[in-house]
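A short write-up of the structure that comes next.
Here, each number is a calculation from the coordinates, and none is a lab measurement. On a predicted model such as this, the values are computed, not experimentally measured, just so you know. Note: ideal-geometry Cβ built from the backbone for every residue, glycine included; neighbour counts use all protein chains shown.
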Amino acid sequence: LILSYLEPGATTLLFNLEFGRGYYWAGYENRAYRGEIHLLPFQSGLTIVNQLTIEEYLYSVVPSEMPSSWPAAALEAQAIAARTYAFSHLGSYQKRGFDLLSSVSSQAYNGVKNETSSVVKAVNATKGQVLTFEGKPISAFYSANSGGYSTVPPETWRFTPPYLQAVPDKLLPAHNGLLSPEELATWVAERTPSYSSRSKYSSRSAYRWQVIVTREEIESRLNRQQLGEITGLITVGRADCGRVNQVLIKGTKDSLILKGDAIRSKLGGLRSNLFVVEPKLGKDGLPEFFVFTGGGFGHGVGMDQSGAAGMADDGFTVEEILNHYYPGTTLTNIY
């Protein structure tokens with residue numbers, strides 16, 4: 001079944017639509033969508049597919065991923081990054097009858113309700129522009145806040161293109177190699193001023209944060225029967241930016257290793273993998289809870305959205321912002 005309209009700009013209103021399945025912000029709401037609505041049979045129900053132009057898609061993606069009140073250059077950089085990501089991932093779900101998911105597993109897409117005049121202007125100003133490397137659209141990843149230092153993709157992604165590098169904030173020096181444990185602990189504890197740290201574009205708990213997680217909570221997220229009670233957490237290997245590659249969890253029965261995004265989710269929903277951890281022992285000698293002190297919000301790969309807004313606020317152009325976060329790429333008009 002296809003719902004289509006002759007009138008340009010017509011929308012379809014879907015009632016009680018599920019969104020964010022598997023995430024803490026999941027729920028149901030009414031949403032309106034541009035373009036056509038395709039209803040495809042899937043398992044015991046239907047898959048709702050919204051078919052529309054890339055530019056119309058971006059009218060919703062950009063404000064779903066970045067506040068529409070942010071500087072124009074940041075919105076335009078976000079539009080180019082989102083357009084590039086979409087083109088480089090077309091066909092990702094071809095077997096299921098669509099290209100991209102509407103969640104942050106692809107890019108957040110919430111329909112017409114998020115559209116604003118400032119975003120439409122930014123999308124239209126960059127129409128058809130994408131970032132390319134060796135003539136092809138790049139995987140233009142981005143995240144909310146890098147903590148002042150973006151990172152290479154984690155090992156679990158099995159993907160290390162030269163344009164996704166560990167890039168320090170424009171206002172911060174490069175680490176030039178791994179920091180010592182003491183230097184790293186100091187760095188993540190201090191709110192060193194940077195474009196990523198500006199309060200207009202970053203909450204205090206995004207750039208630097210501290211979280212206390214009980215041993216029992218972590219055990220509940222893991223296989224406690226196999227692991228037993230946790231006796232310690234050990235970080236194993238770090239990227240140059242300081243992000244943790246692996247965490248060894250020791251238990252009374254067994255040990256296990258967490259990698260990539262599982263580190264954040266299994267250790268209590270941490271904001272990023274850029275952290276140091278300190279156990280606090282109970283009377284029985286086992287950790288009662290763990291104190292995580294860290295920086296950044298998200299995977300930290302590619303463009304730092306808070307940093308992009310801070311740079312735009314200081315007069316950096318769209319091209320300068322994109323060249324900083326995606327070195328070696330070319331801004332290309334594909335239509």
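Worth pointing out:
- Relative contact order, whole percent, for segment 211-335 stands at 21, derived from Cα pairs under 8 Å and 6 or more residues apart.
- Per-residue Cβ neighbour counts within 10 Å put Phe159, Phe275, Phe290 in the sequence Phe159, Phe290, Phe275, beginning with the fewest.
- Ordered by the number of other Cβ atoms lying within 10 Å of each residue's own Cβ, fewest first, Thr192, Thr332, Thr126, Thr53 fall into the sequence Thr53, Thr332, Thr192, Thr126.
- Of the cross-linked pairs Lys259/Lys283; Lys136/Lys200; Lys253/Lys280; Lys136/Lys259; Lys121/Lys200; Lys200/Lys266, those separated by over 24 Å at the C-alpha level are Lys259/Lys283; Lys136/Lys200; Lys136/Lys259; Lys200/Lys266.
- Relative contact order of segment 143-301, pairs being alpha-carbon contacts under 8 Å that are 6 or more residues apart, as %: 32 percent
- Exposure rule at most 15 other beta-carbon atoms within 10 Å, DSSP loop trypsin sites (Lys or Arg not before Pro): the chain longest free segment: 22-126
- Average projection area in nm² (convex hull over Cα atoms of segment 143-301, one quarter of hull surface): 9.5 nm²
- Of all beta bridges that DSSP places with both ends in segment 143-301, some 95 percent have antiparallel geometry.
- Using a Gaussian network model of the chain in which every pair of alpha carbons under 10 angstrom is joined by a spring, one finds that among Asn110, Asn124, Asn30 the greatest mean-square fluctuation is at Asn30.
- Taking packing as the residue-averaged number of other Cβ atoms within 10 angstrom, the listed peptides 7-14, 145-152 run from highest to lowest as 145-152, 7-14.
- By the helix-only formula, in which each DSSP H run with n ≥ 4 contributes -39500 (n - 2.57) and the sum is divided by residues, the chain has a 222 nm mean residue ellipticity of -7000 deg cm²/dmol.
- Gaussian network model of the chain, springs between alpha carbon atoms under 10 Å - residue of Ala86, Ala77, Ala26 with greatest fluctuation: Ala26
- Using only side-chain charges placed at the Cβ, +1 for Lys and Arg and -1 for Asp and Glu, the dipole size of the chain relative to its Cα centre rounds to 500 debye.
- Structural descriptor for segment 133-212: relative contact order 33 percent, calculated from alpha carbon pairs under 8 angstrom and at least 6 residues apart.
- Highest-MSF residue in the chain out of Phe316, Phe15, Phe289 [GNM, Cα springs under 10 Å]: Phe15
- By the Cα gyration tensor, segment 273-335 has an equivalent ellipsoid whose semi-axes, rounded to whole angstrom, run 42, 13, 7 from largest to smallest.
- Looking at the chain alone, DSSP beta bridges between its own residues are antiparallel in about 95 percent of cases.
- Its Kirkwood hydrodynamic radius, worked out from the mean inverse distance over all distinct Cα pairs, puts the chain at 21.5 Å.
- Counting only whole DSSP H helices of the chain, the ones at least 20 Å long by C-alpha along their axis and with mean Kyte-Doolittle hydropathy no lower than -1.0 are 72-88.
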